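Since the structure comes first, as structure tokens, the remarks are kept for the end.
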Amino acid sequence: MSAHDIAQAVRSGQRSAVGIAEAALADIAARDGAYHCVTRSLRDRALAVAAEVDRAVAEGRDPGPLAGVPFGIKDLFDLKGEVTTAGSRVLRNDPPALRDAVLVQRLIAAGAVPIATTNMDEFAYGFATDNAHYGVTRNPHDPERLAGGSSGGSAAGVAAGLFPLGLGSDTNGSIRVPASLCGVWGLRTTQGRLPVEGSYPFVASLDTVGPFAGTLGDLRLCFEALDARPLASVDARHVRIARLGGWFMADMSAPMAKAMDALAAHLGASELIDLPEIARARAAAFVISAAEGGALHLPRLRQHADEYDPAVRDRLLAGALLPATLIFQAQKLRNWFRARMHEAFAEVDVLIAPAVVGEAPRFDQPLIEVGGSMVSARANLGLYTQPLTLAGFPVLTVPLKVPGLPLGAQLIAKPGREDILFALGDRLERDGVAQARGVNN
């Protein structure tokens with residue numbers, strides 16, 4: 001059932017929120033072994049929240065627009081009474097959180113039910129959800145392939161039908177990459193629009209948070225609850241659209257190139273816009289991420305380095321050693337690139353680009369082709385997402401209706417214009433160009 005259908009059934013009294021929660025918990029217990037989306041079941045909390053929803057319905061009170069809808073939570077959001085591990089053993093002995101993260105509070109206030117915490121790359125530093133401590137999340141469309149990361153547990157859980165909504169974070173592509181590889185809708189919100197309080201930071205100056213869903217309508221319901229206000233109505237017929245060229249048209253697999261050509265043709269996006277200095281923008285995002293991440297973790301690394309995932313530890317240590325002049329140059333480029341992004345929107349409302357180079361890589365071949373060479377997928381799946389990180393613009397990942405494995409496109413708008421992205425996404429969903437790819441239960 002979609003989030004919309006569950007909420008409708010619970011609000012009308014046709015289904016109980018407790019019954020929905022029990023079914024979701026049983027489904028996770030029965031099927032998640034094949035995918036490893038979930039790190040912790042929140043049974044007691046889920047049943048208590050669901051019982052409160054049912055009480056509200058029985059007493060004639062409004063249970064909220066997401067009444068009884070289960071949602072998965074990337075394990076870097078605080079949950080009252082639970083230790084926030086951020087995908088690491090290093091934090092396992094920390095005291096439990098005293099309160100829920102703000103976004104978790106808002107979803108529960110809207111009637112949603114927290115059902116489980118979800119797997120992630122350690123400290124959100126990766127694009128694969130390949131976690132040395134908690135295992136690898138497998139793609140529900142082919143368990144021999146990566147789900148993408150770092151919010152892969154939430155994206156794969158939605159794709160597998162374990163829960164209709166998932167909560168994630170996106171610094172360099174951590175929502176956009178797994179949404180594309182798992183074939184679901186994902187939203188990287190305008191930086192600063194949604195509160196990050198109660199979420200463990202990766203790169204504080206770049207971090208954003210946002211939702212996954214199996215339908216655009218569900219994503220909208222979730223985003224409006226997270227944003228605590230309704231979206232404005234926009235007429236998609238008047239949205240001006242262009243396609244990002246250059247960097248964003250190189251290195252695509254043949255299926256992705258075909259899908260993007262079809263999307264551009266459907267939208268009449270014949271104009272190409274080349275953003276300047278994309279390679280340097282991506283490098284700046286790398287530098288800022290490494291430097292801030294390294295600085296955050298350096299005190300703990302000095303005492304507990306052996307408890308980190310070795311791949312994450314080495315990158316954090318390298319980041320902590322970056323010279324101040326290089327970090328300053330990266331931040332200077334960030335400001336310059338943001339200005340160029342604003343200029344690109346002078347005559348258009350939405351830019352389109354691929355989310356990843358192609359289909360999800362296999363575990364036994366964790367490589368993608370970039371510039372004619374085979375390179376690490378774990379480090380390079382953010383090829384098209386990472387440069388856009390610097391500007392902080394909102395991006396909607398659209399699951400394209402294609403044969404074979406899922407592919408996703410990025411729709412990019414100016415800051416604060418998520419309403420335009422939803423309007424255009426709705427048009428693509430109604431036209432049959434976009435369609436989330438769930439797997440059979």
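The values are calculated or read from the model by the stated rules, or taken from the named source; none is laboratory data. Remember, predicted model here, so these are calculated numbers, not experimental data. Ideal geometry is used to build each Cβ from the backbone, glycine not excepted, and the neighbour counts take in all protein chains shown. For accessibility, only protein heavy atoms count, side chains too; no ligands or nucleic acids. Shrake-Rupley method; radii C 1.70, N 1.55, O 1.52, S 1.80 Å.
Projecting label points 7 angstrom from Cα along Cα→Cβ for ALA339 and ALA228 puts them 3.5 nm apart. Counting Cα-Cα pairs of the range 220-285 in 10 Å increments starting at 0 gives whole-percent bin shares of 17, 30, 30, 23, 0.
Based on protein heavy atoms only, the chain ends up with 37 Å² per residue of surface accessible to a 1.4 Å probe. Of the three principal axes defined by the Cα atoms of the range 63-127, the extents in descending order read 38, 28, 16 Å. Among beta bridges identified by DSSP and lying wholly in the chain, the antiparallel ones come to about 70 percent. Per-residue ellipticity at 222 nm from helix content only, as computed over the chain with -39500 (n - 2.57) for each DSSP H run of at least four residues, stands at -12000 deg cm²/dmol.
Given a 1.4 Å probe and every protein chain left where it sits, what share in percent of the accessible area of the chain is carbon and sulfur?
Ligands and nucleic acids excluded, carbon and sulfur reach 52 percent.
Restricting attention to the range 1-151, close to 55% of DSSP beta bridges with both partner residues there are antiparallel. Structure remark: mean-square fluctuation, Gaussian network model of the chain, C-alpha springs under 10 Å; the largest value among ASP274, ASP426, ASP364 belongs to ASP364. Under the rule a/c < 1.5 gives rounded, and otherwise a/b versus b/c splits prolate from oblate, where does the range 65-174 land using the Cα gyration tensor? Here the range 65-174 falls in the oblate category. Computed over the Cα atoms of the range 1-134, pair by distinct pair, the Kirkwood hydrodynamic radius stands at 15.4 angstrom. Over the range 100-257, the fraction of Cα-Cα pairs per 5 Å bin, rounded to whole percents and listed from the shortest bin up, is 2, 9, 16, 21, 20, 16, 9, 5, 1, 0. All Cα-Cα separations within the range 169-313 were binned at 5 Å from zero, giving a P(r) of 2, 8, 11, 15, 18, 17, 14, 8, 4, 2, 1, 0, each value a whole percent of the pairs. For the chain, the fraction of C-alpha pairs more than 26 angstrom apart is 51%. Taken over the range 356-439, the convex hull of the Cα atoms encloses 118 Å³ per residue. Over 31 Å between C-alpha atoms is what I'm after, so list which of LYS74/LYS258; LYS258/LYS414; LYS332/LYS414; LYS332/LYS401 land there. Going by Cα-Cα distance, LYS74/LYS258; LYS332/LYS401 fall outside the 31 Å limit. Shown here for the range 81-149: trypsin sites (Lys or Arg not before Pro) in loop regions (DSSP other than H, G, I, E, B) with at most 12 other Cβ atoms within 10 Å, namely ARG92. Of all segments of the chain bounded by GluC sites (Glu not before Pro) found in a DSSP loop with no more than 15 other C-beta atoms within 10 Å, the longest spans 60-196. Computed over Cα pairs, the Kirkwood radius of the range 230-333 leads via Stokes-Einstein (1.567 mPa s, 4 °C) to a diffusion coefficient of 74 µm² per second.
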